[in-house]
Amino acid sequence: MIHSAGMTWVQLHPGRERSVLRRHPWVLSGAVARSAPGLAPGELVQVRSAQGEALASGDWSPHSKIRVRVLRVGKEPADAAFVDARLRAALARRAAEPALSDTDALRLVNAEGDGLPGLVVDRYAGHVVVRVSTAGMLRRLPELAETLASATGAVA
């Protein structure tokens, strides 16, 4: 069994790892065979194959048909530094796009499209509007707001 010590986990049914390995951002309820006891909504979990191999990490949602929103495929966890780097990369992509230079209203982060499921960020003039739709992103909101304010100079 290959896994990270101390990390909470969910284990998939046999044969259900294919979508995770193909980098699909969701693990649906029917794919989950079992989970660590006492997982809280929004908790970062390691997604494991039926054999116990670490496949990905993401945010747990026990009451949704989408049980895990995958943040990172692979054995490494999607820690705070990883999420911050992914947020900064999304912001940099928008800043580098010449077609967006003449507008003050644009989408800075587009959830799964930017590898940040549950997070949408729009900029309107000097303001940033953040919409979180998962408990995991809600848990990260203070850090996300800090990064957005420092990276954009906008009011979060």
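The values are calculated or read from the model by the stated rules, or taken from the named source; none is laboratory data. Model, not experiment: these values are computed from the prediction. Positions of Cβ are backbone-derived with ideal geometry, glycine not excepted, and every protein chain shown enters the neighbour counts. The area values use the complete protein model at the heavy-atom level, side chains included, leaving out ligands, DNA and RNA. Shrake-Rupley method; radii C 1.70, N 1.55, O 1.52, S 1.80 Å.
Summary table
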item	result
Some residue of region 20-27 being part of a helix (DSSP H, G or I), among the charged types (D, E, K, R) and open to solvent by 20 Å² or more (accessible area, probe 1.4 Å)	no
Strands (runs of 3 or more DSSP E) wholly inside region 39-120 that include at least 1 residues being open to solvent by 50 Å² or more (accessible area, probe 1.4 Å) and not charged (D, E, K, R)	105-110
Within region 143-156, considering residues that are assigned to a helix (DSSP H, G or I) and free of Cβ contacts under 8 Å to residues at least 40 places away in the same chain, the one most open to solvent (accessible area, probe 1.4 Å)	Glu146
Identity of the residue in region 129-142, among the β-branched types (Val, Ile, Thr) and open to solvent by less than 60 Å² (accessible area, probe 1.4 Å), that ends up farthest from the chain's Cα centre (by Cα)	Val130
Cβ-Cβ under 9 Å pairs, at least 6 apart or on other chains, region 90-104 side in contact (Cβ under 8 Å) with a residue 24 or more places away in the chain, far side part of a loop (DSSP other than H, G, I, E, B) and not hydrophobic (A, V, I, L, M, F, W, C)	Ala90/Gly115
Members of region 45-70 found to be of a type in the set (A, V, I, L, M, F, W, C) and in contact with a helix residue (DSSP H, G or I) (Cβ under 7 Å, 6 or more places away or on another chain), listed by number	Val47, Leu55, Ala56, Val70
Selection count where residues are among the polar types (S, T, N, Q) and within 18 Å of the chain's Cα centre (by Cα), scope region 18-45	2
Filter result (within 15 Å of Leu71 (Cα to Cα) and of a type in the set (Asp, Glu)) within region 107-156	Glu112, Asp114
Residue satisfying condition, being closer than 28 Å to Ala40 by Cα, touching an Asp or Glu at 6+ places or on another chain (Cβ under 9 Å), at pLDDT below 95 and of a type in the set (Gly, Ala, Ser), within set Ala125, Ala156, Ala105, Ala78	Ala156
Within region 121-142, tally of residues that are under 27 Å from Ala56 (Cα atoms) and in a loop (DSSP other than H, G, I, E, B)	2
Meets criteria (in contact (Cβ under 8 Å) with a residue 40 or more places away in the chain, within 21 Å of Gly113 (Cβ to Cβ) and not hydrophobic (A, V, I, L, M, F, W, C)) for Pro41	no
